[in-house]
Amino acid sequence: MDALKLMKELRVNYEQEIYYLPKETGLSLIESAAQDDSRISAKCRDAKVEDLWSLTSFFGYSTQTFVLAVNLLDRFLAMMRIQPKHLSCVSLSCLHLAAKVTEDECNLTPTDELIRIGQCRFTVSDLSRMEKIVAEKLNFKSKAITALTFLHMYHQITLSHSMDRKENLSLEKLEAQLKACLCRISFSKAKPSVLALSLLRQEIEAIQSEDLLEIVHRIQRHLKIADEELLLWSERVAQCLLDYASPECSKPNHRRLQWIVSRRTAQNLHSYRSVPELPTIPEGCWDESESEDSCEDMMSSGEESLSSSLGSDAEGPFFPLHLRRQKHRQYLHA
């Protein structure tokens, strides 16, 4: 696709992105909820998004599946009054809905296996009912315009203008950084077009390319994004990546997830995946005035976060070296 067509398509997506944004008032209520409240808190939501990251990686799903699942989850949570015990079912239903749209049918994980690997305590029928509720409430058909939509388009635009240049922006790296940002609910308040441009700008500043930075400015002018808005989210992106590069930050990691399976669970898994012989592991919402509707009581769940014991599949080169050096300097001067 040539640059002119890309810019036209970019403008169309920019005008439509508003229809796929979570309600900001609902997101603010989540952020204000206490951890011991009967409502979903920001920490609870963020932990569940990290679980989705782990599961998408484990099942070999694409970044598109993960980003769409998070978009569905945030839009639903910002609209409905959800009890914390139902969050696992809601999040997994969003993942399954997203996978059915973005993944090839032959690559879809069976629902019962998705529930088992997700370490959830509800049934297949519970998940199916929740999928219908989510799809109906969001009027979800087959697509959503997300930050990944813009990130891919921005990347294509930079490639079309930098064929002969040595600068090379890694789309995989940008996607990993986007996933890290989406693990924080605050970034769900950003317009997808602005969040994606902030990530692109951050990476271009890291490689110190004036030519590519000029492309960012052209995109910004084309979409009429205010300097203040782009600067605000660029600073927040930089801080997020700096925190994420810190050794104190726990991160999801699918590479360890695939080993957290007891012998009894392995025997119950009807899958083509081979499971290693391991020792058995011991098993042990809104105020009504603030919400449009309430979610039906459907199942009981009390799962712990999968990502609480996991590392990161986005460390090292996925996060700018200058951020880690900056963090190290902060420790030295502390």
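The values are calculated or read from the model by the stated rules, or taken from the named source; none is laboratory data. Everything numeric here is computed off the predicted structure, so don't read it as measured data. So basically every Cβ, Gly included, is an ideal-geometry build from the backbone, and we count neighbours across all protein chains shown. Ligands, DNA and RNA are excluded from the accessible area calculation, which covers all protein heavy atoms including side chains. Shrake-Rupley method; radii C 1.70, N 1.55, O 1.52, S 1.80 Å.
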- Query: Considering only protein heavy atoms, what is the solvent-accessible area of Asp227 at a probe of 1.4 Å, reported in Å² to the nearest 10?
  - Reply: 100
- Item | Spacing of the two label points (7 Å from each Cα toward its C-beta) at Asp243 and His161, in nm | 3.1
- Item | Solvent-accessible surface ranking, highest first, for Ser91, Ser32 at 1.4 angstrom | Ser32, Ser91
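How much length would be gained if the chain were fully extended between Glu136 and Glu205, taking 0.36 nm per residue of separation minus their Cα-Cα distance, in nm to one decimal?
Additional length available on full extension: 20.6 nm.
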- Considering the zone a paramagnetic label at Lys100 would reach in this model (a point 7 Å from Cα along the Cα-to-Cβ line), which residues of region 1-36 have amide N under 18 Å from it? none
- Query: At a Förster radius of 41 Å, what calculated FRET efficiency corresponds to the Cβ-Cβ distance of Glu113 and Leu231, to the nearest 0.05?
  - Reply: 0.35
